[in-house]
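I'd like to ask you about the structure that follows.
Throughout, read-outs are computed from the coordinates displayed, never taken from laboratory work. On a predicted model such as this, the values are computed, not experimentally measured, just so you know. Note that we place each Cβ from the backbone using ideal geometry, even for glycine, and neighbour counts take in every protein chain shown.
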Amino acid sequence: MRPGAGGAGVDLTTSVGTVTFPNPVLTASGTAGYGAELGAYVDLGALGAVVVKSLSPEPWQGNAAPRITETAVGMLNSVGLHNGGVGAWLNDHLPALRRAGARVVASIWGFTVDDYARAADMLADAGPEVVAVEVNLSCPNLQGGRHLFAHSPGGTAEVLAATAGCRRPRWAKLSPNVSDITEIAGAALEAGAEALTLVNTVMGMAIDPTARRSRLGAGGGGLSGPAMHPVAVRAVFECRAAFPHAAIVGVGGVARGVDAIELLEAGASAVEVGTATFADPRAPARVLAEVRRWCATAGTPRVVDLIGAAHV
């Protein structure tokens with residue numbers, strides 16, 4: 001095949017721990033709704049997986065509006081984990097993902113360890129299309145940031161140990177807002193995480209100079225988009241160096257195929273596309289096509305050969 005001619009001969013198969021995906025491009029939690037919303041723009045079954053917004057055991061209303069504001073380098077969000085609860089998602093949203101042939105990664109969160117445990121237990125009998133559970137330890141947009149388990153090795157380990165009831169591989173989604181992410185990552189892996197999702201948003205704030213108040217209803221929020229990409233690359237690289245055999249999913253500022261390639265070479269086995277979908281809901285499919293073409297042009301017949309290549 002001529003290099004750059006679409007990449008039809010490239011093997012994009014990858015594995016995150018014990019879960020095998022047909023390609024390394026997933027959606028990111030919190031940016032594609034309950035999972036099926038992007039179905040009008042993207043063949044969900046053609047993606048590696050769909051990662052749904054974080055679900056709590058009971059419905060949660062989230063933060064006050066405004067919840068999103070654009071910045072020069074991405075966006076700030078303070079949605080506050082608004083969701084209808086695990087039960088409603090299983091009944092009202094998972095069937096559409098099943099019909100679309102999607103592989104699904106459910107994301108869960110809670111205010112307490114018991115909340116996490118109950119959310120995980122509620123997923124125990126979900127269908128086989130739910131291939132993993134991403135344990136969101138790190139959303140920084142709740143009022144005061146008081147509930148970040150990911151800022152503590154002990155808190156991280158306690159939550160991971162409590163979520164085994166989901167009976168699926170668990171991915172620990174960690175925060176970059178720490179002095180040493182490898183310390184937190186090590187605690188997550190020791191407590192049962194099969195993979196690390198690196199990373200969630202960086203805490204930030206935007207003020208309206210005329211109104212003299214925050215542009216977000218809750219004050220601060222989480223910064224995502226292009227500015228997050230170097231942060232994610234470094235976190236993935238450091239955790240791959242510290243834990244050479246750990247499975248890693250890279251997320252942060254992936255808007256182009258080359259962004260995904262960079263995270264793979266840093267050590268990720270898969271990547272998630274998030275904020276880019278707000279401007280272009282077809283972004284996950286476009287990134288996937290660009291990854292395939294990049295591999296073909298570079299003479300890389302298997303995407304797994306890129307994983308951790310920057311460490312060699």
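Looking at the chain as a GNM with Cα springs under 10 Å, which of R103, R67, R170 has the largest mean-square fluctuation?
Of R103, R67, R170, the most mobile in the Gaussian network model is R67.
Rule-of-thumb check for the chain: C-alpha Rg over 2.2 N^0.38 Å? All intermediate terms of the calculation are to be shown ahead of the outcome.
Values: Rg = 18.2 Å, N = 312, 2.2 N^0.38 = 19.5 Å.
That ratio works out to 0.93.
Picking from V86, M75, A187, whose Cα lies most toward the positive end of the charge dipole for the chain (charges on Cβ: Lys, Arg +1; Asp, Glu -1)?
Farthest along the dipole direction, towards plus: M75.
What percent of all Cα-Cα pairs in the stretch 1-110 falls in each 10 Å bin, counting up from 0?
Binned Cα distances yield the sequence 13, 35, 33, 15, 4, 0.
Order these by the 10 Å Cβ neighbour count, fewest first: H245, H93.
H245, H93
Same structure, new question: Near the amide H of V202, under 5 Å away, which other amide H atoms are found, from residues 5 or more places off or on another chain, if H is placed in the peptide plane?
Answer set, sorted by chain and number: L223.
Among T297, A106, V231, which residue has its Cα positioned farthest towards the positive end of the charge dipole of the chain, with +1 placed on the Cβ of Lys and Arg, -1 on the Cβ of Asp and Glu, and the dipole taken about the Cα centre?
The Cα lying farthest towards the positive end belongs to T297.
Taking R0 as 51 Å, what FRET efficiency do you get between R302 and A211 from their Cβ-Cβ distance, rounded to the nearest 0.05?
0.45
Using amide H atoms built 1.01 Å from N in the peptide plane, name the residues 5+ places from T197, or on other chains, whose amide H lies under 5 Å from its own.
Under 5 Å from the amide H of T197: A172, K173, L174, V249.
When the dipole is taken about the Cα centre of the chain, and only Lys, Arg (+1) and Asp, Glu (-1) are charged at their Cβ, what size is it in debye, to the nearest 20?
Here the size comes out at about 580 debye.
Given the rule -39500 (n - 2.57) for each run of at least 4 DSSP H residues, summed and divided by the residues of the chain, what is its mean residue ellipticity at 222 nm, to the nearest 500 deg cm²/dmol?
-8000 deg cm²/dmol
From the phi of every residue in the stretch 249-257, what ³J(HN,Hα) in whole Hz does the Karplus formula 6.51 cos²θ - 1.76 cosθ + 1.60 yield, where θ is phi - 60° and glycine or proline is x?
Computed from phi, the couplings for the stretch 249-257 are 10, x, 8, x, x, 7, 10, 9, x Hz.
With no solvent and one equal point scatterer per Cα, compute the Debye intensity ratio I(q)/I(0) for the stretch 192-312 at 0.13, 0.16, 0.22 Å⁻¹ and report its log10, rounded to two decimals.
-0.56, -0.77, -1.20
How far apart, in nm, are the 7 Å Cα→Cβ label points at A88 and A164?
Once both label points are built, they end up 3.2 nm from each other.
Compute the separation of the alpha-carbon centres of the stretch 47-78 and the stretch 217-294 and state it in Å as a whole number.
Rounded to whole Å, the Cα centres lie 17 Å apart.
Also, quick follow-up: Contact order normalised by length for the stretch 261-312, with contacts defined as Cα pairs under 8 Å and 6 or more residues apart; what percent is it?
Rounded, it is 61 percent for the stretch 261-312.
In whole Hz and in residue order, list the ³J(HN,Hα) couplings for the stretch 296-303 that follow from phi through the Karplus curve 6.51 cos²θ - 1.76 cosθ + 1.60, θ = phi - 60°; x for Gly and Pro.
5, 5, 7, x, 10, x, 10, 5
For Cα pairs less than 8 Å apart in space and 6+ apart in sequence, what is the mean separation divided by the residue count of the chain, i.e. the relative contact order in percent?
Normalised by residue count, the contact order of the chain is 22 percent.
Tell me, in nm to one decimal, what length is gained between A242 and D43 on full extension, where the rule is 0.36 nm per residue of separation less the Cα-Cα distance?
Length difference between fully extended and current span is 68.0 nm.
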